[in-house]
1. With segment 101-155 as the region, which strands (runs of 3 or more DSSP E) entirely inside it contain at least 2 residues that are modelled with pLDDT of 95 or more, crowded, with 23+ Cβ neighbours inside 10 Å and of a type outside the set (Lys, Arg)?
2. Please state which one of Thr348, Thr390, Thr398 is touching a Lys or Arg at 6+ places or on another chain (Cβ under 9 Å), among the β-branched types (Val, Ile, Thr) and closer than 26 Å to Ala452 by Cβ.
3. All but one of (1) modelled with pLDDT under 95; (2) over 20 Å from the mean Cα position of the chain (by Cα); (3) polar (S, T, N, Q) hold for Asn200, so report the exception by its number.
4. Suppose we filter segment 285-314 for residues that are surrounded by 24 or more Cβ atoms within 10 Å (Cβ to Cβ) and either at positive phi or over 16 Å from the mean Cα position of the chain (by Cα) (or both); how many remain?
5. What's the total number of residues in segment 408-423 that are of a type outside the set (Val, Ile, Thr), part of a strand (DSSP E or B) and out of contact with any helix residue (DSSP H, G or I) (no Cβ under 9 Å at 6 or more places or on another chain)?
6. Residues of segment 189-227 being part of a strand (DSSP E or B), buried (at least 21 other Cβ atoms within 10 Å of the Cβ) and not hydrophobic (A, V, I, L, M, F, W, C), which ones?
7. Hey, can you tell me all the residues within segment 424-443 that are among the charged types (D, E, K, R) and either part of a strand (DSSP E or B) or more than 28 Å from Glu64 (Cβ to Cβ) (or both)?
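The values are calculated or read from the model by the stated rules, or taken from the named source; none is laboratory data. Predicted model, so just to flag it, every value in this text is computed and none were measured. Here the Cβ positions follow ideal geometry from the backbone for every residue, glycine too, while neighbour counts run over all protein chains shown.
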Amino acid sequence: MAFRPVLAACAGTAALALAVLPVGSASAHERGDLPTADRGLRVETSGAGKNMTFVKNLQYRGVEAGADQSGSDIEFLKVGQREFALAGTLRKGLQIVNITNPRNPFIAAVYDCDISQGDIQVWKHGGRILASYTADGSFGAAGAASKCARDLDLGSSAAGTVLVDLTTPSSPQTVSFLPVPRGSHNMTIHPSGEYLYNSNSDLISSTEPTITIYDVREPENPKKVQDYPTPFVPASLGSESHDITFNAKGTRAYSAALSQTLVLDTTNPRQPKLISQILDPAINVVHGSDPVRVPKPNGGRREVLVISDERAGAAASAECPGGGLHLYDITGKKEQDPPKIGTWYIPTIQPQPGTTCTAHVMRLYPRQKMLTIAWYGQGVRVLDISGLATYKGSPSDTAVGNGVGMREVGHYVFSDSDTWSFKTNRINRDGSFFGYGNDLVRGFDVYRFDGAGLNVPPLEPKSLATAAQPTTLGRTLTGLALITPAVVFAGLIHRRRRKAITD
């Protein structure tokens, strides 16, 4: 194990020293029934963007008109010529959206599973398309009354992950349940499609953190493999895994574990082995840790780990840019002691009263050298990451919008944005695409990015939707991290107390 405490970076610009204002007590993860913007009965249809346009908004089926839509994670699948977005929600069911014509999407079905947080993974098993849908904490009375709980004969105290068959997307069918007493904040499918790794994301509730591993080779009869023990970080917000990303071959897993990032050897997915541990005091809450291989101009590839900081656990922060993206070189033997090469923030430095502004769910697209990410109250973002191939960097290197090997080339923000996840399933050869945001307030948003600014190789339009292979990607500076541990803890622990309605 390589233990690597990294010195906190210094602010590279005076503007980044924006004072951190008090953080609200409620976490964005709880907002299924808490308003986050005063918007009346209609969402905004005009916002501010760069190289992006707004296409369409859908309100979710079964949600009261004018109510917050409680959107969370999003994934994709393709069946024949039809393409679908799977939009998870906080207690509003799995909304299955037909996006075959992205300019005219419609909700094809709703999987009645009244749970939270609704993280999704999709994979193919034989001729079937399966998905996992997570319950972080207990089902609660409402969840126990929904179809998935009735199908599985689950009570209100059940916690874990539901497996659902989406072979016919318009008619989702319950398959089985993976019980995890401490809840499933996220579940990640191994690229083999045979194992699921659970992240419970608990705060300081145990000095013995674990990753629960399930064998799902028989989907109707999943079998627990083990509770794999992971390092405990004393005097921290928590040591449990929040989310896990595998590399394409399945030989590595990267666990974003609140106060640490763990690099695991998963060549044998039943028996992972710890390779290294990243402890970075500049990161407040490790939300995601995703690897990307970027081609070098002279041949070869550099592998970088992008770690997102969901500063304050998505409590209603009062300033932007919030938590940023922290970059580590994990090429070859460097993964045993990864050096930090920089930190990146969105180019928005301003007060953000009443809503959250921080990095959240991201996705990396290696061939296009691109990253998409949701930034809560600052909407959706597209980054060109081609510069990561050659950028040398250091722990103190900081960028706002452009630098450390990454450039923001597109964004779109509404006054009522509170976007949890933003991804695409299909990219054209010029880098343009339709992107899909799942928003806590707005629901399902479709955007068009025109491809400007991307350094993409020529390629034919290609669907990235999962049908033939597993989905494996889910998948602060000193001046910005002046929140006291007590304040952060207060916001996070509030989430745990209300976990029954609760990334």
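1. Values: elements: 106-111, 117-125, 128-135.
Hits in segment 101-155: 117-125, 128-135.
2. On the way: Thr348 fails: touching a Lys or Arg at 6+ places or on another chain (Cβ under 9 Å); Thr398 fails: touching a Lys or Arg at 6+ places or on another chain (Cβ under 9 Å).
Only one candidate passes the filter, namely Thr390.
3. Every condition holds for Asn200 apart from (2).
4. Qualifying residue count for the region: 4.
5. First pass over segment 408-423, keeping only residues of a type outside the set (Val, Ile, Thr): 408, 410-412, 414-418, 420-423.
Narrowing the set further to residues that are part of a strand (DSSP E or B) leaves 408, 410-412, 420-423.
Add one more test, that the residue is out of contact with any helix residue (DSSP H, G or I) (no Cβ under 9 Å at 6 or more places or on another chain), and what stays is 408, 410-412, 421-423.
Qualifying residue count, segment 408-423: 7.
6. If the condition is that a residue be part of a strand (DSSP E or B), buried (at least 21 other Cβ atoms within 10 Å of the Cβ) and not hydrophobic (A, V, I, L, M, F, W, C), then Tyr195, Tyr197, Asn198, Ser199, Thr212, Tyr214 are the ones that fit.
7. Kept after step one, since they are among the charged types (D, E, K, R), are these residues of segment 424-443: 426, 429-430, 439, 442.
Correct list: Arg426, Arg429, Asp430, Asp439.
Yes/no matrix, rows are residues, columns are (1) farther than 25 Å from Glu240 by Cα; (2) assigned to a loop (DSSP other than H, G, I, E, B):
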residue	(1), (2)
His287	no, no
Val292	no, no
Asn298	yes, yes
Leu305	no, no
Gly323	no, yes
Tyr328	no, no
